[in-house]
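Inspection log for the structure reproduced underneath, given as structure tokens.
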Amino acid sequence: MCRNITTLRGLEPPVTTQEIEAAALQFVRKVSGVSSGPLLDSTSFRAAVAGVARVTEQLLGELPPRQRPPRVTPASRRHDA
């Protein structure tokens, strides 16, 4: 499940809030089975994404640093300037 979610721990440069939110959105979409339509904008869906993002940020902040950063392709870390 969620094979396309990038490992966020230990990235250089450090993971951004937007990357955490994107991973949370992908996770909630996968587990809920909701990929499009009005349910994506529902209060419960948005709350679930915010909750997963919050817990993910907390987890990443509490884990020890990685010994070796994960290999991440540039395409998976697109940053809109």
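The values are calculated or read from the model by the stated rules, or taken from the named source; none is laboratory data. Fair warning: this is a prediction, and the values are worked out from it, not measured in the lab. Reconstructed Cβ throughout: ideal geometry from the backbone, glycine too, with neighbour counts over all protein chains shown.
Summary of computed values
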read-out: Tabulated pairs, the range 14-36, first assigned to a loop (DSSP other than H, G, I, E, B), second among the charged types (D, E, K, R), C-beta under 8 angstrom, 6+ apart or interchain; value: Val15/Arg9; Ser35/Arg29
read-out: Count of the range 37-71 residues which are outside any helix (DSSP H, G or I) and either over 14 Å from Val15 (Cβ atoms) or in contact with a Ser or Thr (Cβ under 6 Å, 6 or more places away or on another chain) (or both); value: 7
read-out: Positions within the range 28-70 being within 20 Å of Gln18 (Cβ to Cβ) and of a type in the set (D, E, K, R), in sequence order; value: Arg29, Lys30, Asp41, Arg46, Arg54, Glu57
read-out: Failed criterion for Asp80 (all others in (1) modelled with pLDDT of 85 or more; (2) assigned to a loop (DSSP other than H, G, I, E, B) hold); value: (1)
read-out: Hits in the range 49-67 - residues which are touching a residue at least 40 places away in the same chain (Cβ under 8 Å) and under 14 Å from the mean Cα position of the chain (by Cα); value: Thr56, Glu57, Leu60
